[in-house]
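The values are calculated or read from the model by the stated rules, or taken from the named source; none is laboratory data. Since the model is a prediction, treat every value here as computed from it, not as a measurement. Positions of Cβ are generated from backbone atoms using ideal geometry, with glycine treated the same way; all protein chains shown enter the neighbour counts. Just the protein is used for accessible areas: all its heavy atoms, side chains included, with ligands, DNA and RNA removed. Shrake-Rupley method; radii C 1.70, N 1.55, O 1.52, S 1.80 Å.
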Amino acid sequence: MRRLLLIALFPLACSRERETPEPATALNSRESADPLVLRVARGGGTGRIYLYPRLDSAITTLSPLPSINRILAFDADAGSLAFVDAKGIPVRVDMRLNESHPATRGRLTALTSADGSNIFGITGKGEVLRLDPSGVPWTYKTPSAPRALLAEPDGSVIIGYQKGDSTVILLLHPPDSTPVHTATLPLIGRAVRTLVGDRIYFTSEAGLVGVKSRDFSLLRPIAFGSRIRALAPTPSGDRLYVATVSEPAITIVDRYTGKIATHLALPSPPADLRVDPLGRYLLARHPTADSAWVIAIGNSRVLGSVATRWATDLPAVAPDGAIAVLGARDVSFVDGESLKTMRTVKNGAKDFWYFFIWDGFRPRAAGLDEPVSFGGDSMAASSTASSTEPSASAESTKTPRDTAAVQPSKTFVVSFAAVLSEARARQLAAEITVNGTAPHVVAVASGNATVYRVALGPFATREEAERIGRSSGRQYWVYEGNP
């Protein structure tokens with residue numbers, strides 16, 4: 001059966017790839033976010049979160065998770081991770097609440113998600129099914145069995161189905177079932193997709209075909225001499241790497257000209273491609289041996305090869321540019337340029353590894369956790385303050401001891417959850433009692449959203465806060481500041 005490789009290039013940058021590696025913060029727009037790694041036993045078990053590169057002790061744990069087959073998407077704003085388990089069931093993990101649930105009990109194929117919340121798949125009846133956190137399913141039936149499925153970050157979905165000797169692709173915005181855009185392409189097969197840029201490419205028997213994502217206008221076809229096996233774009237979407245079944249090279253397609261720019265020669269045709277999320281390195285799988293070639297993206301230079309098995313999680317490029325390689329028992333980190341081993345994690349191969357950037361586990365600045373106040377309360381507080389504020393002469397009579405006494409001391413708060421729903425936050429607060437005291441809910445502005453934190457405190461010492469957290473019997477973390 002003819003296969004399709006679908007690649008969507010969403011606009012993350014309009015400039016060409018930098019000649020030097022981008023800094024680690026480029027992986028996420030949150031400058032204060034932390035480089036993290038999730039490790040779960042490959043057979044399933046407790047999720048452990050490490051602050052990379054410190055892999056000796058976990059900073060927190062997640063409730064037991066099923067065996068992870070592959071990651072679908074992570075939404076940093078919601079703290080939501082979506083993955084497919086070993087049985088092919090999509091699972092959502094709410095890292096803020098430390099909860100995980102199957103999105104459905106039924107088996108789906110072609111599972112795809114762009115935001116960690118909306119998950120799309122194809123049912124046994126050939127319908128496209130959307131699973132969102134509300135639990136209300138949305139389905140769409142195409143005239144023939146879907147051949148391509150791609151979730152987009154705005155919650156929309158691209159569906160492709162066969163019509164005679166052609167393939168029709170549709171863009172829909174659920175729950176609306178009226179296509180926003182349609183296009184007709186040559187006959188193609190099923191999809192394997194990667195997100196990035198403003199182009200959507202498909203493979204056909206002749207090479208690459210595609211459309212512009214904004215209006216589905218057709219792109220100029222790009223011919224290849226043999227069947228395409230793998231596609232991988234740079235994070236900025238300016239280049240597309242292509243591997244074919246017979247050519248011992250990687251072909252580079254220029255996104256701006258829509259033409260083949262050059263070829264990178266290799267000893268054998270690569271079996272798969274994987275791009276560093278920061279655009280520093282391209283990994284190419286050896287077709288027969290347990291090894292991978294490492295290519296520097298900035299100057300299109302083949303640096304050499306590293307010994308590694310190829311799984312859905314590893315090899316991978318870590319936030320600091322080290323390459324995590326998978327051995328028979330251990331996971332080793334090699335330098336991206338010299339390819340020399342820097343460190344080895346004993347028995348690390350027993351775990352599934354996922355590197356990500358997030359600020360959800362770090363202590364928050366005290367000023368960000370002030371309760372939301374409304375106009376009337378603010379004016380009342382202001383009036384009270386002005387009526388009770390001492391005069392300048394009274395202030396001048398304070399002794400140094402008096403001044404020191406009113407200085408705020410360091411305090412610590414126990415946080416049990418941070419969610420986007422006030423009702424959910426209050427429900428969680430009602431379920432927790434420590435020494436007869438229930439947590440309070442604090443509304444915190446975060447970007448364009450309001451986060452509701454379930455918290456207890458403040459406490460005078462971190463030790464006291466930790467004791468209260470442990471007494472709750474719940475997942476918690478302690479931060480310095482005021483509730």
Query raised in the report: What do you reckon, is A271 assigned to a loop (DSSP other than H, G, I, E, B), open to solvent by 10 Å² or more (accessible area, probe 1.4 Å) and over 17 Å from L240 (Cα atoms)?
Result: no
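How many residues, within segment 61-78, are assigned to a loop (DSSP other than H, G, I, E, B) and either open to solvent by 30 Å² or more (accessible area, probe 1.4 Å) or in contact with a Leu (Cβ under 8 Å, 6 or more places away or on another chain) (or both)?
Matching residues across segment 61-78 total 3.
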Report task. Take segment 24-50 and flag every residue that is modelled with pLDDT of 50 or more and of a type in the set (D, E). Result -> D34
Requested in this report: Hey, can you tell me all the residues within segment 134-161 that are at pLDDT 90 or above, among the β-branched types (V, I, T) and open to solvent by 40 Å² or more (accessible area, probe 1.4 Å)?
Outcome: T139
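Return yes when A328 is more than 30 Å from the chain's Cα centre (by Cα) and either modelled with pLDDT of 80 or more or over 30 Å from A455 (Cβ atoms) (or both) and no when it is not.
Numbers: more than 30 Å from the chain's Cα centre (by Cα): no; either modelled with pLDDT of 80 or more or over 30 Å from A455 (Cβ atoms) (or both): yes.
Judged against the criteria, A328 is not a match.
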Query raised in the report: Going by the conditions given, is F361 at pLDDT 95 or above, under 30 Å from V451 (Cα atoms) and in contact with a Phe, Trp or Tyr (Cβ under 8 Å, 6 or more places away or on another chain)?
Result: no
Report task. Working only within segment 84-133, note down all residues that are open to solvent by less than 30 Å² (accessible area, probe 1.4 Å), under 16 Å from R70 (Cα atoms), out of contact with any His (no Cβ under 9 Å at 6 or more places or on another chain) and not in a loop (DSSP other than H, G, I, E, B). Result -> V84, D85, P90, L111, T112, I119, F120, G121
Query - Total residues in segment 205-259, condition part of a loop (DSSP other than H, G, I, E, B), within 20 Å of I169 (Cα to Cα) and open to solvent by 20 Å² or more (accessible area, probe 1.4 Å) - result: 9
Query raised in the report: With respect to A438, is the statement that it is closer than 23 Å to A78 by Cα and either under 28 Å from the mean Cα position of the chain (by Cα) or surrounded by 12 or more Cβ atoms within 10 Å (Cβ to Cβ) (or both) true?
Result: no
Report summary line: For segment 95-124, the count of residues that are more than 18 Å from L172 (Cβ to Cβ) and not hydrophobic (A, V, I, L, M, F, W, C) equals 13
Query raised in the report: Could you say which residue among R280, R309 is more than 23 Å from the chain's Cα centre (by Cα) and of a type in the set (D, E, K, R)?
Result: R309
Requested in this report: Would you please list the contacts, defined by Cβ atoms under 7 Å and residues six or more apart or on different chains, that run from a residue in segment 293-320 that is basic (K, R) to a residue that is open to solvent by 40 Å² or more (accessible area, probe 1.4 Å)?
Outcome: R309/D290
Query raised in the report: With respect to L187, is the statement that it is more than 23 Å from R274 (Cα to Cα), touching a residue at least 60 places away in the same chain (Cβ under 8 Å) and either surrounded by 15 or more Cβ atoms within 10 Å (Cβ to Cβ) or in contact with a helix residue (DSSP H, G or I) (Cβ under 8 Å, 6 or more places away or on another chain) (or both) true?
Result: yes
